[in-house]
Each structure stands twice: as structure tokens, then as C-alpha cells.
Amino acid sequence: MELALQIVLIISSVLLVLLILLHRGRGGGLSSLFGGGVQSSLSGSSVVEKNLDRLTLFVGAIWVIAIIGTGLLVRVGA
């Protein structure tokens, strides 16, 4: 069980970093490299940003659950 939580933690950590880097910051961020600058003039870009926010929050919640689960398993095992 601990190994599975550690694998989930690693995968969710990498995904969380990538999703955060895709967000548009004040300077455009990495999302502008993948055509975000072109899509910003379109009306549908707000839907993309909202979906990216939702996905980031979902992955962040999985990350928090994996951290808490790993911490509980380490505490019980010690």
C-alpha cells in the first residue's frame, strides 16, 4: 500500500508541476509557447483556462491525499 501511495505521489507531483507551468501568468508563462497567445484572442479561451484550473485543483487534491496517506502509514509503521 505504501508503494502505491508513493507512486501516486510521484505521478501527481510531476503532473502538478506541469499543470502549474501551463497556467498563464502575468508574463504569459509557458502556455504562450503552445499557442496560448493565439487562443487568448478567441472567446473560448476562458473555458480552457477554467478547465485547466479544475484539473489543477483535482490533481492538487490527489497530491494532498497521497501526502496525508503516506504520512499516516509512516507514523503507524514507526
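The values are calculated or read from the model by the stated rules, or taken from the named source; none is laboratory data. This one's a predicted model, so the numbers in the text were calculated from it and none came from an experiment. Cβ sites come from the backbone with ideal geometry, for glycine too, and all protein chains shown count toward neighbours. To get the accessible areas, we keep the full protein, side chains included, count just its heavy atoms, and leave off ligands, DNA and RNA. Shrake-Rupley method; radii C 1.70, N 1.55, O 1.52, S 1.80 Å.
Observations on the structure shown:
- For segment 41-64, taking the residues that are modelled with pLDDT under 95 and touching a helix residue (DSSP H, G or I) at 6+ places or on another chain (Cβ under 8 Å), the one that is nearest to residue 7 (Cα to Cα) is identified as 52.
- Only one of the numbered conditions (1) at pLDDT below 90; (2) open to solvent by less than 70 Å² (accessible area, probe 1.4 Å); (3) in a helix (DSSP H, G or I) is not met by residue 33, and that is (2).
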